[in-house]
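Following: one structure in structure tokens, then a few remarks.
The values are calculated or read from the model by the stated rules, or taken from the named source; none is laboratory data. All values derive from a computational prediction rather than experimental measurement. All Cβ positions, glycine included, derive from the backbone under ideal geometry; neighbour counts span all protein chains shown. Accessible surface is based on the protein model in full, side chains and every heavy atom, while ligands, DNA and RNA are left aside. Shrake-Rupley method; radii C 1.70, N 1.55, O 1.52, S 1.80 Å.
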Amino acid sequence: MTNPFLHEALIDEAAISANAAALCSDGDADLFVADVRADGYGHGIVESARAAIAGGATWLGVSCDADVAQLKSAGLGAPAVVIHRGHAKQLGAKGSVLAGALIRGPELYGLTADARVKPTMRVSGRVVGTKTISAGEGVSYGYTYRAPRTTNLALVALGYANGLDRFASNRGSVQLDGKLRMIAGRVAMNVIVLELGEDSTQTGAEAVLFGNPDSDEPAISAWASSLGKPAMDIASVMGSLLPRRYR
Amino acid sequence: MPHGEVVVDLAAFQTNLRLMQKIVAPATIMAVLKSDAYGHGLLRLARAAIDAHITFLGALDIPTALALRRARLGDEIDIFAWLHTPGDDYRTAIDSRIDLGISNVAELNAILAVNSTSPARLHLKIDTGLHRNGASEEDWPQLVRAAVHAQDGGRARIVGVWTHIAEASEQEDTHAIARFEAAIALAEGLGAHFTVRHLAASAASFARADSRFDLVRVGAFAYGISPGGGVTPHQLGLHPVMTLRSAVTEVAVGSMTRTALVPLGTGDGIPREVVNTVRVALGGELLLITDIGLDWFTVDLGDHDVAVGETVVLFGDGSSGELTLQAWADALGTIGEEIAVRLSPRLQRIYTF
Ligand SMILES: Cc1ncc(COP(=O)(O)O)c(C=O)c1O
């Protein structure tokens, strides 16, 4: 049970289509395989497939028969291939490798440094509480953060159950009211606390973990590098654990 | 088998709840079922808890609480939600007899503003040092007065008082307990009376009698997840509930190496850091994960002979020689909960008794 009022992964289907269109010229467009494994890298397998086809993809790259069944029942007729560590293999035990396939996965979702593609997922959570603490007071489990001086705090509804890594405790930062704010103390299952210093915020304000860098939101690549892992790991996990909204 | 299965041992879950119940008596247990019952599956675990005579369920938020209420688990079952946002359906929550954690006057007013047919059931929260939710000591009298006023007007019923503690150290927790007791005394002086006082989650309720009050909110230990740092579930008398397994889809024999391919990867929620860190049980051996992708990982077979289709157990209760979730967490520098709740909802859950 997920709660779309607390947090969301907002998926930009038009951006997936535009990314697909930008990648078409990399090879034979008749063999353009849109990799929609891992629920479309967390973007939704059906929606990603549809958006990629609209952008020019001709094949769908999947993990298993269950993926194919899901695509078929959504009415997607494009032929599917199993992506097999660098290859696209046709379905069935004797399926042959699709020679010359142009397989695009992370690029399709703007998860690589390729300048032609744009990020397609935006993750945010709501401020669900605010408070002020004095110098020396602790925050969250184990009090691993102690306020260096009097500071305002914002409680935000994103936690490791939403794929926000515990490793980001006292390390990662999140954008709130236009500024990057440090995560104070341990990331909990459902919430994080942001250190605001002298600034204040409102319950209901939206904190952005990553989104559209063209609108001055943090890039998923910045969040990924603060954790030392590839952006595709983050998108596929967060997109599968958060309520998704499409625009 | 599909590409991977999460096997949930409901009997182990119930055994853990019974053990915790015995330890914390005469206090009672709220089974914490937030985040899809820590990735195990909300409704199945709720039913198992009720079959183990648990009558209080912890939901986190109102949509989860309402999903539990709609599952017809019994009208006498109490359901607790404590993380609210302005979009929440307070009216349906109140009319569905959901107990609501309340942290401040603004939240209380928003709840009282809806046109419900019955009084809102309130659990007032005091912040005893964790600095997440809950009223500060300064704001506490005002919150209590507002709640008493609403109760006098018939719009609310004060049911409980609660807090959540940091488990930072014995001494810090002792301070938090003292602050909780002081807040209760102050509230009683202002005319509030509480039927349920609750402070402790798994670890504190297990370790400290003075943390238990009337009710303890147990999550991790019910799922057989110990706090980590070398303490195993077995040392605490707990049984791991979740097993993650898959099957070999390919065996590659090179001139120097034999490798098995397993169809689970980072896209299923397996942390990338398992590579060269974690071993899985396969063919009676514990074998190292050597590489991972979006939907696969490889295992170094050494000299071992393994057939396609053979079961691979990633973690479980150890009965097939596999590592426990606890051992994974220690190896990956995190806690078992994080690994369990990150597993993709698309992985099939299978229930055993
Ligand atoms: C308010 C509250 N109570 C209890 C729990 C259960 O904690 P644990 O899993 O340590 O038992 C949680 C979960 O973190 C919680 O948020």
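Considering the range B:156-176 alone, what residues qualify as being open to solvent by 10 Å² or more (accessible area, probe 1.4 Å) and over 22 Å from the mean Cα position of the chain (by Cα)? The answer is B:157, B:170, B:171, B:172, B:174, B:175. Considering the conditions (1) away from the ligand (no atom under 14 Å from the Cβ); (2) within 23 Å of residue B:319 (Cβ to Cβ); (3) open to solvent by 40 Å² or more (accessible area, probe 1.4 Å), residue B:55 is excluded by exactly one of them, (2). The test for being surrounded by fewer than 19 Cβ atoms within 10 Å (Cβ to Cβ) and under 28 Å from residue B:36 (Cα atoms) does not hold for residue B:308.
Yes or no: residue B:97 in contact (Cβ under 8 Å) with a residue 12 or more places away in the chain, in contact with a helix residue (DSSP H, G or I) (Cβ under 8 Å, 6 or more places away or on another chain) and farther than 29 Å from residue B:342 by Cβ? Judged against the criteria, residue B:97 is a match. Residue count for the range A:196-223, restricted to those that are within 26 Å of residue A:119 (Cβ to Cβ) and of a type in the set (D, E, K, R): 4.
Reported count of residues in the range A:220-247, each being more than 14 Å from chain B (Cβ to nearest Cβ), surrounded by fewer than 24 Cβ atoms within 10 Å (Cβ to Cβ) and under 12 Å from residue A:120 (Cβ atoms), is 2.
If the condition is being within 13 Å of the ligand (Cβ to nearest atom), at the interface with another protein chain (Cβ under 9 Å from one of its Cβ atoms) and more than 13 Å from residue B:241 (Cβ to Cβ), then the range B:24-48 contributes B:34, B:35.
Evaluate the following for residue B:9: is it among the acidic types (Asp, Glu), away from the ligand (no atom under 14 Å from the Cβ) and surrounded by 18 or more Cβ atoms within 10 Å (Cβ to Cβ)? Spelling it out, residue B:9 is indeed among the acidic types (Asp, Glu), away from the ligand (no atom under 14 Å from the Cβ) and surrounded by 18 or more Cβ atoms within 10 Å (Cβ to Cβ).
When A:99, A:88 are checked against the criterion of being more than 17 Å from the chain's Cα centre (by Cα) and under 21 Å from residue B:297 (Cα atoms), A:88 stands alone in meeting it.
If you check B:36, B:88, B:61, B:9, which single one turns out to be among the acidic types (Asp, Glu) and more than 17 Å from the chain's Cα centre (by Cα)?
Sole residue among the options that is among the acidic types (Asp, Glu) and more than 17 Å from the chain's Cα centre (by Cα): B:88.
Scan the range B:105-128 and give yes if some residue there is in contact (Cβ under 8 Å) with a residue 40 or more places away in the chain, within 24 Å of residue B:209 (Cα to Cα) and of a type in the set (S, T, N, Q), otherwise no. Yes: the range B:105-128 contains one or more residues that are in contact (Cβ under 8 Å) with a residue 40 or more places away in the chain, within 24 Å of residue B:209 (Cα to Cα) and of a type in the set (S, T, N, Q). For the range A:140-155, taking the residues that are outside any helix (DSSP H, G or I) and within 15 Å of the ligand (Cβ to nearest atom), the one that is farthest from residue B:340 (Cα to Cα) is identified as A:155. Only residues that are crowded, with 18+ Cβ neighbours inside 10 Å and closer than 15 Å to residue B:321 by Cβ were counted in the range B:296-305, giving 1.
With respect to (1) of a type outside the set (A, V, I, L, M, F, W, C); (2) closer than 16 Å to residue B:202 by Cβ; (3) within 15 Å of the ligand (Cβ to nearest atom); (4) over 14 Å from the mean Cα position of the chain (by Cα), the lone exception for residue B:78 is condition (2). Do we find a residue being within 14 Å of chain B (Cβ to nearest Cβ), surrounded by 17 or more Cβ atoms within 10 Å (Cβ to Cβ) and out of contact with any Ser or Thr (no Cβ under 8 Å at 6 or more places or on another chain) anywhere in the range A:164-184? For the range A:164-184, residues within 14 Å of chain B (Cβ to nearest Cβ), surrounded by 17 or more Cβ atoms within 10 Å (Cβ to Cβ) and out of contact with any Ser or Thr (no Cβ under 8 Å at 6 or more places or on another chain): present. Where strands (runs of 3 or more DSSP E) fall wholly inside the range A:156-247, the ranges with 1 or more residues that are touching a Leu at 6+ places or on another chain (Cβ under 6 Å) and within 16 Å of the ligand (Cβ to nearest atom) are A:192-197.
For the range A:123-139: of the residues being touching a helix residue (DSSP H, G or I) at 6+ places or on another chain (Cβ under 9 Å) and part of a strand (DSSP E or B), which is farthest from the other protein chains (Cβ to nearest Cβ)? Don't jump to the end; show me each part of the working.
Going residue by residue through the range A:123-139, those that are touching a helix residue (DSSP H, G or I) at 6+ places or on another chain (Cβ under 9 Å) are A:123, A:125, A:129, A:137-138.
Narrowing further to those that are part of a strand (DSSP E or B): A:123, A:125, A:129, A:138.
Working: A:123: 15, A:125: 10, A:129: 5, A:138: 6 Å.
Out of the qualifying residues, it is A:123.
Kindly establish whether residue A:151 is within 14 Å of chain B (Cβ to nearest Cβ) and surrounded by fewer than 19 Cβ atoms within 10 Å (Cβ to Cβ). Considered against the rule, which asks whether it is within 14 Å of chain B (Cβ to nearest Cβ) and surrounded by fewer than 19 Cβ atoms within 10 Å (Cβ to Cβ), residue A:151 comes out as no.
Residues of the range B:184-199 that are open to solvent by less than 70 Å² (accessible area, probe 1.4 Å), more than 16 Å from residue B:108 (Cβ to Cβ) and in contact (Cβ under 8 Å) with a residue 12 or more places away in the chain: B:184, B:196, B:198, B:199. Restricted to the range A:1-117, the set of helices (runs of 4 or more DSSP H) holding at least 3 residues that are away from chain B (no Cβ under 14 Å), open to solvent by 30 Å² or more (accessible area, probe 1.4 Å) and without any contact (Cβ under 8 Å) to a residue 60 or more places away in the chain comprises A:45-54.
Out of everything in the range B:272-295 that is more than 8 Å from every other protein chain (Cβ to nearest Cβ) and touching a residue at least 40 places away in the same chain (Cβ under 8 Å), what residue ends up being most open to solvent (accessible area, probe 1.4 Å)?
My answer is B:279.
The residues of the range B:21-31 that are open to solvent by less than 10 Å² (accessible area, probe 1.4 Å) and within 15 Å of residue B:219 (Cβ to Cβ), listed by number, are B:24, B:29, B:30, B:31.
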